[in-house]
Amino acid sequence: MKNNKKLWALAAGLLAAVMPAFGQGKDWALYGGEGGRRFSSLAQITRANVSKLEQAWRFDMAEMGDPQTHPLAVGGIVYAYTPSLDTIALDGATGKLKWRFHSGVKAGGPQRGLSIWGKGKAQRLFAAAGTYLYALDPATGKPLADFGEAGRIDLRAGLGRDVDKISLALTAPGTIWRDIIIMGFRTDESAPAAPGDIRAFDVYSGKLRWSFHTIPHPGEPGHESWPTDYWKTGGGANSWPGMVLDDKRGIVFAPTGSAVSDFYGANRTGENLYANSLLALDANTGKLLWHFQGVHHDVADRDFPSPPVLLTVTHNCKRIYAVAQATKQGYLFVLDRITGKPLFPMIEMQVAQSELEKLSPTQSVPSLPAPYARQHLSESLLTNRTPQAHAWAVEQFHSFANDGPFPHMRLGQQTLVFPGFDGGAEWGGQASANGILYLNANDVAWTGGLVENSAASGLGAGLYQDNCAACHGPDRKGAAPAFPSLVDSKLTAEQMADVVHSGRGRMPAFALQGDSLSSLLTFVRSGEDRELAAKPAGDNHPAYRFTGYRKFLDPDGYPAVTPPWGTLSAIDLNSGAYLWRIPLGEYPALADKSTGSENYGGPILTKGGVLFIAATLYDKKIRAFDPQDGKLLWQAQLPYAGNATPITYMAGGRQYVLIQADNARDKKSPQGAAYVAFALTAKVRP
C-alpha cells in the first residue's frame, strides 16, 4: 500500500503539471475533464479536511425529471440543464440564477452535459433541446443568430432519412476541436431509427465539415460486414455516450452502440462494423484511423456505455499512450491509443449460438484486467436474503436460459443477462490518474426474450410493438420500477403525446403524428386497436421482437442475486491488477449496509487526494473516498439521488463540489430535481 501512495503522489504532481491553462485549473470547462480522466488539479479540499465539507448552496428546479447533467463551470459560472432541458447559468458561489434559456421545444430525458468554445474574447456555449443543437452567448444565454438558422441546427438533417420520420437527441455534448464541434446522438432502439453518422460542424456557421458513416456505404471499409443495402434503411450504431479528444494528436475517440434492432439481427447478417466499436478518427477530416469492435453482431444491447479514458501506462518497461474503454458486460479494454492494439492478450471466447439467426461463433475478451462484474450466474449466487426469497429465485433461475456474458434471446423463454442491460459500467464514466482507473459498476441480473411479430395487427398495436413493447412489455404492464405500467397511467392523452414527442427519462422521443399518434395513444390507453393495417413490410420489421427489459428482482423488490449489487474499484492498468474493490451504496431498509446498490453516474478525482462520487440510487448520498485504499472519508445526504457525475471548481476563492440530484429512477420516493454544492466550512479554509 505504501507503493500505491507513492504512485498517487506522483500521479497528482504529473497531472497537475499538464492540466490545461484555460482557467488556471479553477474551472471545469470540459465534459468529463481533460482526456476523459475526470481529474481536477484543485487541492483546497484534501483527505485531511474533506470531513469538514458542508452544503454551500442548493438550486431547486421545481421540476421532475432525470437530466443526469455533469455541468460546466467557467469563470465562476455554472452552466447546466433543467429536467425540461432549459439551459441555465448559475452563480458558482451562491447558486443564484443568472439566466435561463428556454428553446420553446418540448424536451426531456437525459442530457449529460454542454460544450464551450472560446477564441480570444469570442465564446460560444453549445446546448441541446430535442433534435436541435444551439449556439448560445455564455454571458446572456441568447442564441447566436449566425449559427445555423436563428442560432440552431436540426441534427436530423443530412442523415439520408425523412426528418419527419426519425427521432434523435443528445445524451452527451459535442467534442470541440479547433473550430469544429463533433457530434454523436441518441436514436430509437427500433425501426425506423437514424443511422449513427458521426458529424463535425463549423462552430461559427453550423455547416457540416465532415461525416463518418458508422454503417458504411458502398465502397467504404466495413460495408461487407452488413447486408448490401442495409445502409439505406438500417439505423443505430450511434455514438451516444460521448467522445474524448487527444488534442495533441488530433484524434477523437468515439464509442458506438448496437444496431437496430437490438435483440434480433437476422436482417443485419455479418459482424456489423462499426456498431459496438471504439473508433479513432482524425479530428480534422473524420478519416478512420483504427477501430476496435467489442461485440460482433450484437443481439444483447451491449453498447459501449461510457466515454473512453485517455491515460499513460507503463507496459513491458515502455511508456504507452493508452485508451481504456469500459463495457456493460464487465470487461475493460485497454488499447494503444495510436495503433488500437490491445495491451493485454485477447482471448477468443466461444459463445452460445441461436436457432433463430447466425451469430458470431466467438467474442473477444481481455485476459487482463479481470472483469469488474460477475460473468456467470449459478444457483450458488442466488439471493439468501430470506429462505423464501432464495426458494423463489431458485425456481425462477431454472426456467431461464443461461449463456454467460454474451447471451442471445430465445423464443418463448427468458434469457438471463448478467451483468444486466444496465451494466457493468454505465454512462457516468471513470476517473484516472497515473494509469490507475477508478470505476463504479452494477452487478445485478436482468432477463429478456423474443415473441413473434404478428402477421397482421392494428396500426396502434403495430406501432406499440415496434416502439414501446421492448420497455413496457407486450401487455403494457411494464417492469417496475424501471419501466412503468401504462395500463393504469394517470396521464391524459395530451400529456402522453407530449412524452412521445419530447421523451422522458430512459424513453427517447418519437416522430409520430396524425393517425399514427392517435392510433398508438388509443391502444396504449385502452388496449383497443381500432384501425386494422397489414404488418409493415421490409427489412426493418423482423419476424421477432423483444419481450421487454425485466430486472431479476425477488418478490420484495431486491436483486435476486447475492451482493454486491454495486461496486467501486481501483484498477492499476500498468499491470492489470486490482488495488481495491468495495461495495458502493446501500438499501436504507436493509439491516446489512454493505450490499452495494445500483448506481448511475461516475466519480471525479482531485489533486487534493479525494475521490468524489454520488451515483447510488436508494440511499441518496454523495461520498468521498481515499483513492489510495478506498476508505470512506466523508458522506452527506442529498435531497434526491445523485444519479449524475459531479464536478469541482473554484469560485470566490472557495473550492466547490457540485452534483445534480433527482429521484426519477426511484418512483417510490418524493420527486424533484436540484443542484447541490458543497464546500469547506469557513473555519478550515486556507
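The values are calculated or read from the model by the stated rules, or taken from the named source; none is laboratory data. Everything numeric in this text was worked out from a predicted model, so none of it was measured. Cβ coordinates were reconstructed from backbone atoms using ideal geometry, including for glycine residues, and neighbour counts include every protein chain displayed.
Quick rundown of the values:
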item: In the stretch 363-415, the residues that are in a strand (DSSP E or B) and under 30 Å from G435 (Cβ atoms); result: Q363, S364, V365, P366
item: Residue ID - nearest to the chain's Cα centre (by Cα), chosen from residues in the stretch 179-229 that are farther than 22 Å from L125 by Cα and of a type in the set (F, W, Y); result: F212
item: Residue count for the stretch 106-146, restricted to those that are outside any strand (DSSP E or B) and not charged (D, E, K, R); result: 16
item: One residue from G602, G630 being at pLDDT 95 or above, touching a Phe, Trp or Tyr at 6+ places or on another chain (Cβ under 6 Å) and not in a strand (DSSP E or B); result: G630
item: Residues satisfying the stated conditions in the stretch 195-226, i.e. assigned to a loop (DSSP other than H, G, I, E, B), of a type in the set (D, E, K, R) and surrounded by 20 or more Cβ atoms within 10 Å (Cβ to Cβ); result: D197
item: Residue check, K668 under 21 Å from M64 (Cβ atoms), of a type outside the set (A, V, I, L, M) and in a loop (DSSP other than H, G, I, E, B); result: yes
item: The stretch 265-277, subset surrounded by fewer than 22 Cβ atoms within 10 Å (Cβ to Cβ) and touching a strand residue (DSSP E or B) at 6+ places or on another chain (Cβ under 9 Å), residue farthest from Y31 (Cα to Cα); result: A266
item: Test for L15: is it modelled with pLDDT under 95 and aliphatic (A, V, I, L, M); result: yes
item: Selection within the stretch 345-377 - of a type in the set (V, I, T), surrounded by 14 or more Cβ atoms within 10 Å (Cβ to Cβ) and closer than 27 Å to L568 by Cβ; result: V365
item: Flag if V313 is farther than 17 Å from D247 by Cα, assigned to a strand (DSSP E or B) and at pLDDT 95 or above; result: yes
item: Tally of residues being part of a loop (DSSP other than H, G, I, E, B) and under 18 Å from D303 (Cβ atoms) across the stretch 227-237; result: 3
item: Meets criteria (among the aliphatic types (A, V, I, L, M) and touching a helix residue (DSSP H, G or I) at 6+ places or on another chain (Cβ under 7 Å)) for V74; result: yes
item: Any chance R161 is under 24 Å from A237 (Cβ atoms) and in contact with a helix residue (DSSP H, G or I) (Cβ under 6 Å, 6 or more places away or on another chain); result: no
item: Neighbours by Cβ (under 6 Å, 6+ apart or cross-chain): first from the stretch 142-164, in contact (Cβ under 8 Å) with a residue 12 or more places away in the chain; second surrounded by 14 or more Cβ atoms within 10 Å (Cβ to Cβ) and of a type in the set (S, T, N, Q); result: D154/T131; L155/T131; R156/T131
item: Filter pass, D164 being in a helix (DSSP H, G or I) and surrounded by fewer than 21 Cβ atoms within 10 Å (Cβ to Cβ); result: yes
item: First in the stretch 389-410 and at pLDDT below 95, second anywhere and in a loop (DSSP other than H, G, I, E, B) and surrounded by 16 or more Cβ atoms within 10 Å (Cβ to Cβ), Cβ under 7 Å, 6 or more apart; result: G404/Q375; P405/Q329; P405/G330; P405/Q375
item: Complete set of residues in the stretch 63-87 that are part of a loop (DSSP other than H, G, I, E, B) and within 17 Å of K106 (Cβ to Cβ); result: E63, M64, G65, D66, P67, T82, P83, S84, L85, D86
item: Residues of the stretch 278-307 satisfying the condition of being more than 21 Å from M349 (Cα to Cα) and surrounded by fewer than 22 Cβ atoms within 10 Å (Cβ to Cβ); result: D282, N284, T285, G286, K287, L288, L289, W290
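Each row is one residue, and each column tells you yes or no for (1) surrounded by 19 or more Cβ atoms within 10 Å (Cβ to Cβ); (2) over 30 Å from D246 (Cβ atoms); (3) touching a Ser or Thr at 6+ places or on another chain (Cβ under 8 Å).
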{"position": "P83", "(1), (2), (3)": "yes, yes, no"}
{"position": "K98", "(1), (2), (3)": "no, yes, no"}
{"position": "G104", "(1), (2), (3)": "no, yes, no"}
{"position": "R112", "(1), (2), (3)": "yes, no, yes"}
{"position": "A122", "(1), (2), (3)": "no, no, no"}
{"position": "A135", "(1), (2), (3)": "yes, no, no"}
{"position": "A157", "(1), (2), (3)": "no, no, no"}
{"position": "P173", "(1), (2), (3)": "yes, no, yes"}
{"position": "I181", "(1), (2), (3)": "yes, no, yes"}
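So that you can scan it fast, the table gives a plain yes or no per residue for (1) buried (at least 21 other Cβ atoms within 10 Å of the Cβ); (2) among the aliphatic types (A, V, I, L, M); (3) within 30 Å of L368 (Cβ to Cβ):
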| position | (1), (2), (3) |
| --- | --- |
| Y600 | yes, no, yes |
| G608 | no, no, no |
| N643 | yes, no, no |
| R665 | no, no, no |
